[in-house]
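S.K.: This is the structure I want to talk about, given as structure tokens.
The values are calculated or read from the model by the stated rules, or taken from the named source; none is laboratory data. As the structure is a prediction and not an experimental result, all values here were calculated from the model. Note: ideal-geometry Cβ built from the backbone for every residue, glycine included; neighbour counts use all protein chains shown.
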Amino acid sequence: MTSGLREPREIGRWDEAVDVVVVGLGAAGAAAALDASRHGAETLVLERASGGGGTSSMSGGVLYLGGGTALQRACGFEDSPEEMYKYLMASCGDGPDEAKMRLYCDGSVQHYEWLLEQGVPFKPVYYHGVSGEPPTDDGLVWSGSERAHPFCDIAVPAPRGHVPQMNDQAGPLLMQKLVAAVEAGSARIAANHRCTALVQEPDGSIIGVVAETFGEERAIRARRGVILTTGGFINNREMIDAHLPLLNRCMVRIGAEGDDGSGIRLGIAAGAATIHMSAGSISLPATQPWGLKRGLLVNAQGQRFINEDAYYGRLGEWALYHQAGRAWLVVDDAIFEQPEYPREVAAVGDTPAELERELGLPEGSLESTMALYNRHAEKGHDPVFDKLPEYVQPLSKPPFGAFDCTTESSIYAAFTLGGLHCDVDGRVLDPEGRPIPGLFGAGRATSGLSVGSYSSGLSLGDGTFFGRRAGRCAASI
């Protein structure tokens, strides 16, 4: 059913009345429900599926946190809110929300402590060598481009990927703990309830919702507010066509079935503004394991276009948005190893010129790129893209090969970053920047911290952080 709007006169009677209605039980919804109920609001969570979790439960569970958390200190790393702020402002795309970013960085240590209070465990061990969740149950990883140019010159690097204690994929554990915390509190969960409309007074204020459950329609009054935490729109083909058509070329779409933009469309129907709808995260894990960072990522002109030691979310964004998904990772026999993610060898040659011909690249293009790189790599330097010296070595031992990093033959994992425009307290804003009374949002249904060049953990981090703020604000009305 299409997301819509109802007027109070269309509601014959309210089937139920509570203080706060939270729509969606992923990480943001759980956080909103927890803080709303703990601040005295009678809270009801509507979840369209048979149980909570959403995309958060399908994730790696990484939360981007820093500023000097107990986990960072236990693993021997120093960090500060200011260094975290400088990195995120530089790395999160064009025009991130400075006020949100400052609050998030200043409150990150406390937010980590809040997660511990909800029963989320973190093993105080640092794992080196992966971007994102580790194959072990270790708790701290690098999950962005902090160590890579240009960010390492902007802010002091520190690992900020906080991973719940579970091997390989910690999203299920994170959501198990958060949902259990909701169930242990006063908030109630109504599963199999799909929100189909908001109820709006003539003055624009939101006073309730209409939900469908097993073919029955229910009207639920929200005395203080409705919080939309329904996820992004990666699974809505029409919205992708309208805002992010390049994502149609990505092999993997990261999102639960409910990531169809329903909450965004509910907000739009009520007069909400959206921002950064053309922003998306595109991960190209071409350099896992990290030894492959010693290779050269080249485009259809046989030229490098980025430093290969950047986080794979940045690699994917640059490869798709700036190179139309035409990219290959060039290696020689000395650094060759099998990628952790399946990837075809597109071509092999005994010389750079032969590899160039096999790939169908312009004559002399790859050959000159490799010659320039190798000349400086002999001295351990990359003057073109400033790759870290530990990943700089000449590619000179034949045979030479190229891993296929095109959209047709490689994993480009995508999800959306744009959504409803909200202030720092989760209040949904109209196109004039005015709050719509009674309407709040958090998580991927809104535009969060990252508006491009994503670092792993920002969705779960800002979704839970600003979900809590939305819950508290709604409860205080």
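S.K.: Only one residue in S447, S396 is surrounded by fewer than 20 Cβ atoms within 10 Å (Cβ to Cβ) and either of a type in the set (G, A, S) or not assigned by TED's automatic domain parsing to the domain that holds D260 (or both). Which one?
M.R.: None of the others qualify; the one that does is S396.
S.K.: Out of all the residues in segment 187-208, which are more than 29 Å from the chain's Cα centre (by Cα) and outside any strand (DSSP E or B)?
M.R.: E201, P202, D203, G204, S205
S.K.: Could you pull out the residue among D35, D19 that is in contact with a helix residue (DSSP H, G or I) (Cβ under 6 Å, 6 or more places away or on another chain) and not hydrophobic (A, V, I, L, M, F, W, C)?
M.R.: D35
S.K.: Need at least 2 residues that are farther than 17 Å from G280 by Cα per element, so show me which strands (runs of 3 or more DSSP E) inside segment 404-477 make the cut, counting only ones lying wholly within it.
M.R.: 427-429, 435-441
S.K.: Now for a different question. Could you list all residues from segment 103-136 that are in contact with a strand residue (DSSP E or B) (Cβ under 9 Å, 6 or more places away or on another chain) and of a type in the set (D, E)?
M.R.: Hit for segment 103-136 is E133, nothing else.
S.K.: I've got another one for you. Please give the number of the condition I335 fails out of (1) under 30 Å from S447 (Cα atoms); (2) part of a loop (DSSP other than H, G, I, E, B).
M.R.: Of everything listed in (1) under 30 Å from S447 (Cα atoms); (2) part of a loop (DSSP other than H, G, I, E, B), I335 misses just condition (1).
S.K.: With a cut-off of at least 2 residues that are touching an Asp or Glu at 6+ places or on another chain (Cβ under 9 Å), aromatic (F, W, Y) and buried (at least 22 other Cβ atoms within 10 Å of the Cβ), name the helices (runs of 4 or more DSSP H) lying wholly within segment 41-148.
M.R.: Of the helices (runs of 4 or more DSSP H) lying wholly inside segment 41-148, none has at least 2 residues that are touching an Asp or Glu at 6+ places or on another chain (Cβ under 9 Å), aromatic (F, W, Y) and buried (at least 22 other Cβ atoms within 10 Å of the Cβ).
S.K.: Would a scan of segment 57-73 turn up a residue that is farther than 30 Å from Q200 by Cβ and of a type in the set (K, R)?
M.R.: Taking every residue of segment 57-73 in turn, at least one turns out to be farther than 30 Å from Q200 by Cβ and of a type in the set (K, R).
S.K.: Let me ask you something else. Only one of these is among the charged types (D, E, K, R) and touching a Pro at 6+ places or on another chain (Cβ under 6 Å): D138, D168. Name it.
M.R.: D168
S.K.: Further question on the same structure: Applying the selection to segment 332-354, what residues are at pLDDT 95 or above and within 36 Å of the chain's Cα centre (by Cα)?
M.R.: Matches in segment 332-354: D332, D333, A334, I335, F336, E337, V345, A346, A347, V348.
S.K.: What about F440, is it crowded, with 24+ Cβ neighbours inside 10 Å and either out of contact with any Asp or Glu (no Cβ under 9 Å at 6 or more places or on another chain) or not assigned by TED's automatic domain parsing to the domain that holds R249 (or both)?
M.R.: no
S.K.: Based on this model, can you work out whether P164 counts as under 19 Å from the mean Cα position of the chain (by Cα), farther than 19 Å from Y391 by Cβ and assigned to a loop (DSSP other than H, G, I, E, B)?
M.R.: Here the answer is yes, as P164 does meet what is asked.
S.K.: Evaluate segment 125-136: report whether one residue or more is touching a helix residue (DSSP H, G or I) at 6+ places or on another chain (Cβ under 7 Å) and modelled with pLDDT of 95 or more.
M.R.: Scanning segment 125-136 turns up no residue that is touching a helix residue (DSSP H, G or I) at 6+ places or on another chain (Cβ under 7 Å) and modelled with pLDDT of 95 or more.
Here is a yes/no grid of residues against (1) closer than 21 Å to D423 by Cβ; (2) of a type in the set (D, E, K, R):
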| position | (1), (2) |
| --- | --- |
| W14 | no, no |
| A33 | yes, no |
| H39 | yes, no |
| G67 | no, no |
| E78 | no, yes |
| Y104 | yes, no |
| G107 | yes, no |
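S.K.: Would you mind stating whether E117 is more than 23 Å from G426 (Cβ to Cβ) and touching a helix residue (DSSP H, G or I) at 6+ places or on another chain (Cβ under 9 Å)?
M.R.: When the stated conditions are applied, E117 does not pass them.
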